[in-house]
Amino acid sequence: MAINRRRSSAQRLMKSMENRDVRVAVLVVLLLPVMTVMALYLVLSREQAVLQTTVKGGLTEHVFPLALTLLEEEEEGLCILNTDAVFIHTPACGSDVVQSVLFRFGFQKDLFVTLPVRPGNPSIGSGEILPEDFLHPSVNFSRPNQLNILAHRARYDKDTMRKMFPETAQYVTILRHPLPRFETDFFNSKMYRYLSEGSQSGAESLKDYLDEPKHWEARKSTSYCTRNCMSAVLGFPLDETMNMRDTQAAIDVIKQLDSDFALVLIYEYLDQSLVLLKRHMCWKVQDIIYDTRFLFFSKVRNFDYRPRPEDLAENFRRLNMVDYLLYEHFNRTLWAKIAEEGPEFDEEVDCYRNVLRKVSQYCRTDTNKTAIFRKHKWHEKFRVNRDMCKMLLRRTEEWDGFLRRRYYV
């Protein structure tokens, strides 16, 4: 009897456990859809929060849910790569450095750099640009019927250039303090040859010219620009630029240029300007590298760049009022843009200068080994080799032939 009672009790316990397992299983089945819905809700809520932090200028960066934390995404921000650029080359302003950067960028990214029709011509057009002044991509090029970069010399022509280049093209130029700019141009172009008085000696020195600029301007025997030259290249009316006296009219044109140009670099702050360009275009640090020797090659040897006496500087300023207004406006604009970049901008500029210094040191050696730059807060891991060094020092005429062979052979 006792044995039968224990057996019966055990059977009831087993049956009770079986019933409980069934109930748990049923409960799990019933709760599974609810749990799934809750999990999806949490994921979607997190994705929405991430996406909301990346909306800028009407654009949304779509990221994988949970790929980045909210804090990380806020730090990364939104950066849209732009490969279309129109650079207006201003004389004696460090334009050759920016031009070299753009030529190399176009070559490495397989873009079409606009070329003049005649090989070796440093300029595209004279005054107004016409379709017959520049070459178009051949049908064999990987990107037919699309112009990406203008870096050769060309006077700014808003209407024509807007038709030539995509709407996404960013307009960029570079300015320099007018007096040092003129000093460099005076000797690079041997301007003193065109400032004379018949058979008598002419303005043989820069000081001669600065002593009496109005006197020598009246005796100039060349059409080469000597007054308000940056303004003339940037599209100021040529018949008014030389003698513009209406300050408000000049300011109005400058405001329009401010609206047209995405960025105006300043020669005296070239490194800050290029880092700002990098950020604006969403480029990498290796895209804006230049060999520091390039600047040396562009300078006049054995020339005294000390500040000029105030009276000579004032003489020059009176005849170049438009260029001074232009430079002072965009110098302020540059620093306003830099201030918007935040307190870490200077840190990135320091890192960039360190990269430039190391690249220049490497390119001065005769080693065939590749230089590797390790990943850093301000740049990813990248390499520099001898081919890169050659590209960094390639001049305009060399790039011209190099790009023609790529596009048309």
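The values are calculated or read from the model by the stated rules, or taken from the named source; none is laboratory data. All of these numbers come straight from a predicted model, not from anything done at the bench. Using ideal geometry, Cβ is built from the backbone for each residue, glycine included, and neighbour counts are taken over all protein chains shown. We work out accessible area using only protein heavy atoms, side chains counted, and drop any ligands, DNA or RNA first. Shrake-Rupley method; radii C 1.70, N 1.55, O 1.52, S 1.80 Å.
Assorted remarks:
- Count - residues of region 354-391 that are of a type in the set (Lys, Arg), within 30 Å of Leu78 (Cα to Cα) and open to solvent by less than 90 Å² (accessible area, probe 1.4 Å): 0
- Qualifying positions in region 315-353 - part of a helix (DSSP H, G or I) and either open to solvent by 70 Å² or more (accessible area, probe 1.4 Å) or among the basic types (Lys, Arg) (or both): Arg317, Arg318, Arg332, Trp335, Lys337, Ala339, Glu340, Asp346, Glu347, Asp350, Arg353
- Test: residue in region 136-144 that is touching a residue at least 60 places away in the same chain (Cβ under 8 Å), open to solvent by 30 Å² or more (accessible area, probe 1.4 Å), farther than 22 Å from Asn320 by Cβ and of a type in the set (A, V, I, L, M, F, W, C): no
- Test: residue in region 250-260 that is surrounded by fewer than 17 Cβ atoms within 10 Å (Cβ to Cβ), out of contact with any strand residue (DSSP E or B) (no Cβ under 7 Å at 6 or more places or on another chain) and at pLDDT below 95: yes
- Here is the figure for region 372-394: residues that are charged (D, E, K, R), outside any helix (DSSP H, G or I) and free of Cβ contacts under 8 Å to residues at least 40 places away in the same chain total 5.
- In the set Arg318, Arg383, Arg353, only one residue is modelled with pLDDT of 95 or more, of a type outside the set (Phe, Trp, Tyr) and over 19 Å from the mean Cα position of the chain (by Cα); that residue is Arg383.
- Residue in region 230-240 that is open to solvent by 20 Å² or more (accessible area, probe 1.4 Å) and at pLDDT 85 or above present: yes
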